[in-house]
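For reference, the structure is listed below as structure tokens.
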Amino acid sequence: MDLRSIKQRFDIIGDNPALDRALEIAVQVAGTDLSVLITGESGVGKEVIPQIIHINSPRKHNQYIAVNCGAIPEGTIDSELFGHEKGSFTGAFETRKGYFEVADGGTLFLDEVAELPLSTQVRLLRVIQSGEFIKVGSSKVQKTNVRVIAATNVNLTRAIEHGKFREDLYYRLNTVPITVPPLRERKGDIHLLFKKFALDFADKYMMPAIKLTPESVAVLESYRWPGNVRQLKSIAEQISVIEHNRQIGPELLKKYLPHDPLNSLPVRTEGHGQDYLTDRDIIFKVLYQLRQEVEELKTKLKTDSVQMQSAATRLSPNKDLSGAIEETSIVEYEEDLHEITDGDIDGSDTKDESAISGEALSIQRVSEELIKRALERNNGKRKLAAADLGISERTLYRKIKELNLDL
């Protein structure tokens, strides 16, 4: 099956070379049983790749099951994947088959695989290597023949460094890596996708399709799209339903584009799948280190200035050079720092000195503020807030618990 047929069948819009390469690899490995690891930011459409692989594989007549690992509670994930015996835990009123047993002979897609607990990762590694698993509460080894395709929006090499993902499992899953590019790297496809979504919603709601002016197209293509294709589709639907005027100008369009504090920063192109919360934490960590450097520089210059003043007084007893060095050096350095820290994280132009103090720039305070604002923007809906932050729903719940947020 050629790329054109693939795109028509799975409703894929665009001709981006990186996207085409991802689709080509998916078709090439479909006829094998190799494990595939799909990486890419949240909302780029990673879930279509395993479907393409399955439908073009010898397993296409058997089960295809997609599992969102981030949406299953940690206490039940083993039962969901491997099944359980009756009475093995509270609430286990009957024996249950897990996904690896149900999908025998087919394909199992594990989305958000980085969210699996370490204990489950051990069991997953075993079933991938040997095809063997044991139900929860059982001692009987069972066999299964399942092809595993995994996906994540997390940088797994960094997760390995922090002890949150097993290195041996990573190499087992990453036999064939496929990267789906973010929307900001597919600028030529953005307007095509928007027009497609606009036509779809016009048909769905039985109304004329919205259209963008050339200026609006420029705005659309210059936006960073932290939520990628999913965000673009959501905005197209909002405008289609809310606006009476079907010709959308740039100022009207901007009202529907949430402010992205990273939009003005250089785009990070390496390590797809960076957690947006982590990116923001890094930014504030850097700013906090800069603040510490300023304080250390002040102390050092004060000491040096006293010594230099004594020397200068001996040379020119009639001139007071007190503080000359401190005024020139420290002021210049602090002005550079304030240019970076000017404005808070939501883009406000106002600057409160206390807001850039060491305490206010602590990682915990920044994380709390980001989570609260994401929840406010999404009317308290945690699933949407997690997508807004670029993290999984489970990670958001864990952050709320760690920070003891009263929400």
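The values are calculated or read from the model by the stated rules, or taken from the named source; none is laboratory data. No experiment lies behind these values; they were computed from the predicted model shown. FYI the Cβ positions are ideal-geometry reconstructions off the backbone, even for glycines, and counts take in every protein chain you see.
What number of residues within the stretch 52-85 satisfy the criterion of being basic (Lys, Arg) and touching a residue at least 24 places away in the same chain (Cβ under 8 Å)? Even if it seems obvious, please write down each step before you answer.
The first filter runs over the stretch 52-85 and keeps only residues basic (Lys, Arg), leaving 59-60.
Next, from what is left, pick out any that are touching a residue at least 24 places away in the same chain (Cβ under 8 Å): 59.
Residues flagged as basic (Lys, Arg) and touching a residue at least 24 places away in the same chain (Cβ under 8 Å) within the stretch 52-85 amount to 1.
Based on this model, can you work out whether VAL113 counts as touching a residue at least 24 places away in the same chain (Cβ under 8 Å) and touching a Gly at 6+ places or on another chain (Cβ under 8 Å)? Quick ask: steps written out before the conclusion?
Details: touching a residue at least 24 places away in the same chain (Cβ under 8 Å): yes; touching a Gly at 6+ places or on another chain (Cβ under 8 Å): no.
Answer is no for this residue.
If you scan the stretch 193-227, which residues turn out to be among the aliphatic types (A, V, I, L, M) and within 16 Å of ILE248 (Cβ to Cβ)?
So in the stretch 193-227, the residues among the aliphatic types (A, V, I, L, M) come out as 193, 198-199, 202, 206-207, 209-210, 212, 217-220.
Hits for the stretch 193-227 are LEU193, ALA198, LEU199, ALA202, MET207, ALA209, ILE210, LEU212, VAL217, ALA218, VAL219, LEU220.
Out of LEU370, LEU361, I need the residue that is modelled with pLDDT of 50 or more and either of a type outside the set (S, T, N, Q) or not in a helix (DSSP H, G or I) (or both). Which one? It would help to see each step written out before you state the result.
Values: LEU361 fails: modelled with pLDDT of 50 or more.
After applying the criteria, what remains is LEU370.
All but one of (1) at pLDDT 95 or above; (2) out of contact with any strand residue (DSSP E or B) (no Cβ under 9 Å at 6 or more places or on another chain); (3) surrounded by 14 or more Cβ atoms within 10 Å (Cβ to Cβ) hold for ILE149, so report the exception by its number.
(2)
From the list SER119, SER139, pick out the single residue that is farther than 22 Å from GLN63 by Cα, touching a residue at least 12 places away in the same chain (Cβ under 8 Å) and surrounded by fewer than 23 Cβ atoms within 10 Å (Cβ to Cβ).
Details: SER139 fails: touching a residue at least 12 places away in the same chain (Cβ under 8 Å).
Only one candidate qualifies: SER119.
I want to confirm something. Restricting to the stretch 126-157 and keeping residues that are assigned to a strand (DSSP E or B) and closer than 28 Å to GLY40 by Cβ, which single residue is farthest from the chain's Cα centre (by Cα)?
Here the residue is ARG147.
Filter the stretch 27-49 down to the residues that are more than 15 Å from THR179 (Cα to Cα) and either of a type outside the set (D, E, K, R) or not assigned by TED's automatic domain parsing to the domain that holds LEU108 (or both) and list them by number. Steps first, please.
Residues of the stretch 27-49 more than 15 Å from THR179 (Cα to Cα): 30-34.
Hits for the stretch 27-49 are ALA30, GLY31, THR32, LEU34.
It is to be established whether one or more residues within the stretch 245-259 are out of contact with any Ser or Thr (no Cβ under 9 Å at 6 or more places or on another chain), outside any loop (DSSP other than H, G, I, E, B) and touching a residue at least 40 places away in the same chain (Cβ under 8 Å).
No, because not a single residue in the stretch 245-259 is out of contact with any Ser or Thr (no Cβ under 9 Å at 6 or more places or on another chain), outside any loop (DSSP other than H, G, I, E, B) and touching a residue at least 40 places away in the same chain (Cβ under 8 Å).
Give all pairs with beta carbons closer than 9 Å in which a residue from the stretch 380-395 that is modelled with pLDDT of 80 or more meets a residue that is of a type in the set (Ser, Thr, Tyr); count only pairs at least 6 apart in sequence or on separate chains.
Going by the 9 Å Cβ cut-off, the qualifying pairs are ARG382/TYR397.
Pick out, from the stretch 158-235, the helices (runs of 4 or more DSSP H) lying fully within it that include 1 or more residues that are among the hydroxyl-bearing types (Ser, Thr, Tyr) and crowded, with 18+ Cβ neighbours inside 10 Å.
Hits in the stretch 158-235: 167-173, 214-222.
Tell me which residues, restricted to the stretch 368-393, are surrounded by fewer than 21 Cβ atoms within 10 Å (Cβ to Cβ) and in contact with a Pro (Cβ under 9 Å, 6 or more places away or on another chain). Explain how you work it out, then say what you get.
The initial filter retains those residues of the stretch 368-393 that are surrounded by fewer than 21 Cβ atoms within 10 Å (Cβ to Cβ), namely 368-369, 372-373, 376-384, 393.
Once the filter is applied, which keeps residues that are surrounded by fewer than 21 Cβ atoms within 10 Å (Cβ to Cβ) and in contact with a Pro (Cβ under 9 Å, 6 or more places away or on another chain), the stretch 368-393 yields only ARG377.
Considering only the stretch 376-398, state which residues are in a helix (DSSP H, G or I) and among the β-branched types (Val, Ile, Thr).
Restricting attention to the stretch 376-398, the residues satisfying the condition of being in a helix (DSSP H, G or I) are 376-377, 382-389, 393-398.
Answer for the stretch 376-398, where residues must be in a helix (DSSP H, G or I) and among the β-branched types (Val, Ile, Thr): just THR395.
Return the residues of the stretch 56-78 that are out of contact with any helix residue (DSSP H, G or I) (no Cβ under 8 Å at 6 or more places or on another chain) and of a type in the set (Val, Ile, Thr); say none if nothing qualifies.
THR76
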